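Below: the structure, in structure tokens.
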Amino acid sequence: MKKDDQTRMFTYLITSARGCVEEPPLYGTLRLLDAYSMLLCMLKREKADEFYFQLNERIEDLKNICMDDEKQFIEGLDRVLEILTDHIINQ
Amino acid sequence: MTFDELVASRRSIRQYNSRRVGREKIEAIVNAAIWAPTAGNLQLWHFVVVNEEKNLEKIKLFSPGMPKTAPCVIAICVDLAEAKLRGGEFMKGIVPMDIAFAAQNILLKAYQLGLGTCVVKSYNEKSIGRVLKLPDTVTALMLITVGYYDKLPKAPERKKLSEIIHYENWESEVKLNEKG
């Protein structure tokens, strides 16, 4: 991982950890999804599994609806986990 | 765009394009902010505008809730010591209201100028204070991202007026001239 990426990732995680103490619970979920996307973006240069990039497209869409439609967001997240489970089982 | 259209169609923008925001527009936006109501006409607000890449990057590091592509951030800051000195303890509850009034003007003026905005409160105040080189008594109480966007998100649902309006007292039965 490059030095810039390390700074971005670690600062994001620690700032989020502190923020989550007071922020709405759903923000924590969002931060974890964001961390997924950030890590993936950093891994891109090291040729990660293409499946995770495809999954990220769904996750990006979900992040956009998180604040507007909580029900749809959670259903979408369930679907992402189903897809991930399928992928792991069929590996 | 009429006032009603402006208010109802404004959205929080979390995805910006790379077009930079000119200083003229920023100043028009901040000028709208300072005409917001302010308790006792104290006008305790200061607006720190950040649009240099290097500084934006530092702000984003400590603002997990901030849209990553934002090309400009306005930090609304208040000297809380001055607030207490001029308005006493009472100001503790009032300052956030003043800031919110100013923020709403910013959001609407920016939208009128073709710009998107997003209010950000998920950031570490102390770290942001250091990045912005704020004096010890000054706090960034709200960050607002500003920038051009390609797509306006669809409107989320709003509660019906009949669910949230009460005439005379909380228990009143509401009969509204509500459409839809």
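Tabulated values for the structure
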quantity	calculated
Peptide B:119-125, shielding by other chains (average Cβ, 10 Å cutoff)	3
In Hz, Karplus ³J(HN,Hα) per residue of segment B:71-86 (6.51, -1.76, 1.60; θ = phi - 60°; x = Gly, Pro)	x, 7, 10, 10, 9, 8, 10, 9, 7, 5, 5, 5, 4, 5, 4, 8
Close Lys-Lys pairs in segment A:3-89, where close means Cα under 23 Å and separation is 8 or more or interchain	4
Under 5 Å, built H, 5+ apart or other chain: amide partners of B:ILE13	B:THR117, B:CYS118
Euclidean distance between Cα centres, segment A:38-83 to segment B:34-75, Å	29 Å
B:LEU161, A:LEU40, reordered so the largest accessible area comes first (probe 1.4 Å)	B:LEU161, A:LEU40
Amide H partners (placed H, <5 Å) of B:LEU141, local residues excluded	B:ILE76, B:CYS77, B:VAL78
Low-density loop cleavage sites - chymotrypsin sites (Phe, Trp or Tyr not before Pro) in segment B:1-56, where at most 11 other Cβ are within 10 Å (DSSP)	B:TRP35
Surface share of carbon and sulfur [accessible, 1.4 angstrom probe, percent] for chain B	53 percent
Helix-only CD estimate at 222 nm, as mean residue ellipticity for chain A, using -39500 (n - 2.57) per DSSP H run (n ≥ 4)	-27000 deg cm²/dmol
Expected-Rg normalisation [2.2 N^0.38 Å, Cα atoms] applied to segment B:17-167	1.10
Whichever lysines have a C-alpha closer than 18 Å to that of B:LYS84, once near sequence neighbours (fewer than 8 apart) are set aside	B:LYS92
Cα-based reach from B:LYS25 at 17 Å (exclusive), listing aspartates and glutamates while leaving out same-chain residues under 8 positions away	B:GLU52
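The values are calculated or read from the model by the stated rules, or taken from the named source; none is laboratory data. Remember, it's a predicted structure, so these values are computed and weren't measured experimentally. With ideal geometry, Cβ positions are generated from the backbone for all residues, glycine too; neighbour counts draw on all protein chains shown. Heads up: the accessible areas ignore ligands, DNA and RNA and are worked out on the full protein's heavy atoms, side chains in. Shrake-Rupley method; radii C 1.70, N 1.55, O 1.52, S 1.80 Å.
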